[in-house]
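In what follows, a single structure is set out as structure tokens and then discussed.
The values are calculated or read from the model by the stated rules, or taken from the named source; none is laboratory data. Just so you know, these numbers come straight off a predicted model, no measurement behind them. Cβ placement follows ideal geometry from the backbone for every residue including glycine, while neighbour counts extend to all protein chains displayed. Ligands, DNA and RNA are stripped out before the accessible areas are found, and what is left, the full protein with its side chains, is counted by its heavy atoms. Shrake-Rupley method; radii C 1.70, N 1.55, O 1.52, S 1.80 Å.
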Amino acid sequence: VYLGVQTVLALYDTGRYTGIVIDMGEGNINIAPIFEGLAIPHAIPRIPFAGRDLTLYLQESLKKQGYNMPAMDELEGIQWLKERICQVALDYEAVQKESSESKALEKKELLPDGNTVVTVGIERYKVPEILFQPSIAGKDFEGIHKYAFDTIKKCELDIQKELYKSIILAGGSSMFQFMGERIRNEINRLVVSNTDLAVLAPPERKYSSWIGGSIVASLSTFSAMVITKNDYHDTGPDIVHRK
């Protein structure tokens with residue numbers, strides 16, 4: 001058995017050993033600063049929302065518009081729709097204004113059942129905006145950019161510069177178009193001027209942790225990293241803290 005930290009494995013996918021990973025999944029969001037391959041536990045925040053909250057919000061929005069989703073797994077269909085039509089707004093206020101003045105932002109989509117067509121307007125941008133403004137969904141939390149900024153500030157001063165230069169996106173909920181650019185813009189507003197800031201959004205980031213795990217498994221030293229049956233019998237449960 002090899003116990004790998006999801007965010008660390010995602011970082012390995014980029015060929016780096018130091019950086020801050022913003023791993024946005026459907027079930028949870030993890031933000032972890034990592035220095036030389038080791039996560040910094042005291043700086044890791046608890047994020048109280050995730051991609052599923054976006055799916056549920058879109059579901060409620062469609063119901064208010066009078067759409068009755070197919071009898072198939074409703075949330076699965078909503079998640080499919082979310083991933084297909086939603087995108088991050090670089091200027092959300094401007095998008096709101098345009099949406100109120102015209103129907104140019106509306107998009108029609110045929111659901112997988114082959115019969116139901118839905119038309120989605122401002123919700124295309126409003127749903128991922130929840131990651132930056134959770135108050136849209138009635139949640140009293142900070143946006144992910146603020147969590148990431150605060151996480152970096154909790155780290156030692158001498159590694160903060162390295163973290164700012166290696167902000168890595170991972171997970172399925174990071175796949176919205178323009179996510180990397182928006183996070184960079186938001187964090188750039190929080191840091192002091194002239195901070196060297198870089199956000200990396202690998203195209204394969206939905207599977208970054210799996211790819212990072214395959215990289216670790218291919219190392220010639222991997223056999224020494226796994227916990228064997230004999231290791232467990234000789235040491236007991238504490239072996240998980242030694243390998």
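Determine the share of the chain's accessible area contributed by carbon and sulfur atoms, expressed in whole percent, with a 1.4 angstrom probe.
50
Would you kindly state how much longer the chain becomes between TYR17 and SER223 on full extension, computed as 0.36 nm times their sequence separation minus their alpha carbon distance, in nm to one decimal? Walk me through the numbers before you get to the answer.
On the way: separation 206, 0.36 × 206 = 74.16 nm, distance 2.02 nm.
Difference between extended and current length: 72.1 nm.
For region 22-53 and region 220-243, what is the separation of their Cα centres, given in Å?
Measuring centre to centre over Cα atoms gives 26 Å.
Step by step: find N for region 142-190, compute 2.2 N^0.38 Å, then divide the Cα radius of gyration by it. What's the final number? Walk me through the numbers before you get to the answer.
On the way: Rg = 11.2 Å, N = 49, 2.2 N^0.38 = 9.7 Å.
For region 142-190, the normalised Cα radius of gyration comes out at 1.16.
Roughly speaking, what is the stretch gain from SER102 to ASN194, that is 0.36 nm per residue apart minus the C-alpha to C-alpha distance, in nm to one decimal? Write down the numbers at each step before the final one.
Numbers: separation 92, 0.36 × 92 = 33.12 nm, distance 3.87 nm.
Result for the pair: 29.3 nm of gain on full extension.
Determine the principal axes of the Cα atoms in region 97-213, then give the extent along each, sorted from largest to smallest and rounded to whole angstroms.
Result for region 97-213: principal-axis Cα extents of 56, 38, 26 Å.
Exposed loop sites here are GluC sites (Glu not before Pro) in DSSP loop states with at most 11 other C-beta atoms within 10 Å. What is the longest stretch of the chain lacking them?
On the way: sites that count: GLU36, GLU156, GLU204.
By the stated rule (loop sites, at most 11 other Cβ atoms within 10 Å), 37-155.
So for the chain, considering every pair of alpha-carbon atoms, how many percent are separated by more than 30 Å? Don't jump to the answer; show the numbers that get you there.
Values: 10341 of 29403 pairs.
Summing the P(r) tail past 30 Å for the chain gives 35 percent.
Could you give the dipole magnitude of region 1-125 about its Cα centre, charging the beta-carbon of Lys and Arg +1 and that of Asp and Glu -1, in debye to the nearest 20?
Numbers: 12 positive and 18 negative charges, 21 e Å.
Taking the Cα centre of region 1-125 as origin, the dipole is about 100 debye.
Which whole number in µm²/s is D for region 1-132 by Stokes-Einstein, with the Kirkwood Rh taken over Cα pairs at 4 °C and 1.567 mPa s?
Working: Rh = 17.0 Å.
Stokes-Einstein gives a translational diffusion coefficient of 76 µm²/s.
Lysines within cross-link reach of LYS206: Cα-Cα under 17 Å, excluding same-chain residues under 8 positions apart?
Correct list for LYS206: LYS82.
Using Cα pairs closer than 8 Å and at least 6 residues apart in sequence, work out the relative contact order for region 146-226, in percent.
Numbers: 63 pairs, mean separation 28.4, N = 81.
The normalised contact order for region 146-226 reaches 35 percent.
Report, largest value first, the span of the C-alpha coordinates of region 44-114 along each principal axis, in whole Å.
41, 36, 20 Å, listed from the longest principal axis down.
Calculate the dipole size of the chain relative to its Cα centre from +1 charges on Lys and Arg beta carbons and -1 charges on Asp and Glu beta carbons; express the result in debye to the nearest 20. Display every interim value, and only then the final one.
Numbers: 27 positive and 32 negative charges, 30 e Å.
The dipole of the chain has a size of about 140 debye.
Among DSSP beta bridges whose residues both lie in the chain, state the antiparallel percentage, nearest 5.
Values: 12 of 19 bridges.
Antiparallel: roughly 65 percent of the beta bridges in the chain.
Using a 1.4 angstrom probe, figure out how much accessible area the chain has per residue, in square angstrom, rounded to the nearest whole. Working shown, then result.
Values: 13070 Å² over 243 residues.
Accessible area per residue: 54 Å².
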